[in-house]
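Below: the structure, in structure tokens.
Readers should treat all values here as calculations from the given coordinates under stated rules, not as data from a laboratory. Quick caveat: nothing in here was measured; it's all calculated off a predicted structure. Neighbour counts are summed over all protein chains in view; Cβ atoms, including those assigned to glycine, are modelled from backbone coordinates with ideal geometry.
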Amino acid sequence: MPPINKTQTRTAAPDNSLTRLRIALTVFFALDGFVFAGWVVRIPAIKEQTGASASALGLALLGVSAGAVITMMLTGRLCRRYGTHRVTVVCAVLLSLSVALPPLTHSAPALGAVLLVFGAAYGSINVAFNSAAVDLVGALRRPIMPSFHAAFSLGGMLGAGLGGLVAGALSPTRHLLGLTVIGLLVTAVAGRTLLRIQPPAPAPDTTEQEAAPHPSGSPAPASSRDRDRTHTRTRTRGLVITFGLIALCTAYGEGALADWSALHLEHDLDATAGVAAVGYSCFALAMTIGRLTGTRLLERLGQTRTLVGGGTTAALGMLLGALAPSVWAALLGFMITGLGLANLFPVAVERAGRLAGPDGVAIASTLGYGGMLLGPPAIGFMADWFSLPAALTSVAALAATAAVIAAVTRRAAAA
């Protein structure tokens, strides 16, 4: 792929091109969720196939998160060099191919190695299409970022549902190979559209800002311009990290509820296994609904109020979910938590991308996935020290922290 000339002037794409671009990106978000969920539902069968112990499987599964975190910053640079659309298509191909690798392994170390590759593709495509979505949001001047993440959630629900249906009829090898075929076909169709449309706006570059005039009317001295640029870069990076922390707080909650909600309902509230499994489904469904309505919410409240309100709502919901004395109250708490957290990650990533382009998306995503990686083991340690309900209140604490960060940095972010 030849590098993109940074000095090339990009013209605004026609409205119909922006609409086609939005559809293509939505398809890639949905494909990402579909493929990832399809892999997740086959983990028990692959564990049995490899003969891995619980601890060995846990270490192997870290390969997904490790591969994602390692490659995210590199992907940001690749997006600047080759363009977000090209990188998205290449990463979709790699993701589709790599999902077929886990059932070909027969030991935990081999599984960890292929999951490192799968995680690298998964993390890379997330940076690439989120960066492309940030450019589109800027061109449309509408806060549509949550709709893309809603597509990811819907794709995940579809992938998990289909995986559950075919689990008894297809081996993991055939199922995941089928995902490879579906992924490549979808990439061929949606990728063709994506590659034909030029990104509607270049990524912001603070190093190429025009020099501010000196009070006398002449350009500021070189030393003054250098100090201003250094200050601007430092301030921008600080804000990007701030939004990355909000993403971390959100992803911590998602990871914790994915791994611990069913156990809390079953062991602490004496729910049956079937009812306990509904816990995370309620949370995921509420997140999807929240993201589908996220654009309207952002248009009415604005980004800061959405972040503050969402973090506060999630904190209250998680306190109910963790400390409620009955199963149904806990399920209600999980749903409220999902509604509160729904738009925090999309907004945080979009703001980071608007500030620093693909590099900003990479930083925020890396911190976010770090939070998802940190959440489950942190909950486990705290559950051993105190109790699982007390440990789950840490999700409420971090959601409240996200709300406080958004409120405190409101003026800086607006500037």
Inter-part distance where the range 395-409 and the range 265-284 are each reduced to a Cα centre, Å: 27 Å
Dipole in debye (nearest 20) - the range 304-415, about Cα centre, beta carbon charges: Lys, Arg +1; Asp, Glu -1: 400 debye
Selection of chymotrypsin sites (Phe, Trp or Tyr not before Pro), the range 368-411, meeting DSSP coil and at most 13 other Cβ within 10 Å: 386
Shape of the range 15-196, Cα gyration tensor, a/c cut at 1.5: prolate
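How much net charge surrounds residue 60 when only the other residues with a Cβ under 14 Å from the Cβ of residue 60 are counted, with Lys and Arg +1 and Asp and Glu -1?
Numbers: positive: 42, 47; negative: 48.
That sum, taken over residues with Cβ under 14 Å, equals +1.
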Lys/Arg +1, Asp/Glu -1 at C-beta; the chain dipole; positive extreme among 289, 119, 19: 19
Gyration tensor verdict on the range 298-360 (Cα atoms; rounded if a/c is under 1.5, prolate if a/b is larger than b/c, oblate otherwise): prolate
Debye-sum result for the range 231-414 in log10 I(q)/I(0), which assumes one identical scatterer on each alpha carbon, at q = 0.11, 0.12, 0.18 Å⁻¹: -0.45, -0.53, -1.07
Options 267, 404, 176, ranked by Cα towards positive dipole end of the chain, top entry (Cβ charges): 404
The range 40-114-the range 165-181 distance, computed between alpha-carbon centres (Å): 17 Å
Overall dimensions of the chain by Cα: Rg and Dmax, Å: 21.8, 78
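In debye, nearest 20: dipole of the chain around its Cα centre with unit charges on the Cβ of K, R (+) and D, E (-)?
Numbers: 29 positive and 18 negative charges, 305 e Å.
Around 1460 debye, computed over the chain.
Compute the Rg/Rh shape ratio of the range 254-359: radius of gyration over Kirkwood radius, all on alpha-carbon atoms.
Result for the range 254-359 is an Rg/Rh of 1.06.
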For the chain, built as a Gaussian network whose Cα springs stay under 10 Å, the top-fluctuating residue of 366, 84, 293: 293
Amide H partners (placed H, <5 Å) of residue 343, local residues excluded: none
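Ordered by packing density, taken as the mean number of other Cβ atoms within 10 Å over each peptide's residues, highest first, how do 147-155, 242-250 rank?
Numbers: 147-155: 23.6, 242-250: 27.0.
The most tightly packed comes first, giving 242-250, 147-155.
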Estimated 222 nm signal from helices in the chain, with DSSP H stretches of n ≥ 4 weighted -39500 (n - 2.57), rounded to 500: -28000 deg cm²/dmol
Candidates 44, 143, 389: whichever shows maximal mean-square fluctuation once the chain is modelled as a Gaussian network with Cα springs under 10 Å: 44
Computed over the chain: relative contact order in percent, which uses C-alpha pairs under 8 Å that are six or more apart: 23 percent
Kyte-Doolittle mean at least 0.5, axial Cα span of 20 Å or more - DSSP H helices of the chain: 15-40, 54-82, 84-98, 108-140, 145-166, 172-196, 273-292, 303-323, 327-341, 344-385, 388-408
Length gained when the stretch residue 158-residue 277 is fully extended (0.36 nm per residue, less Cα-Cα span): 41.2 nm
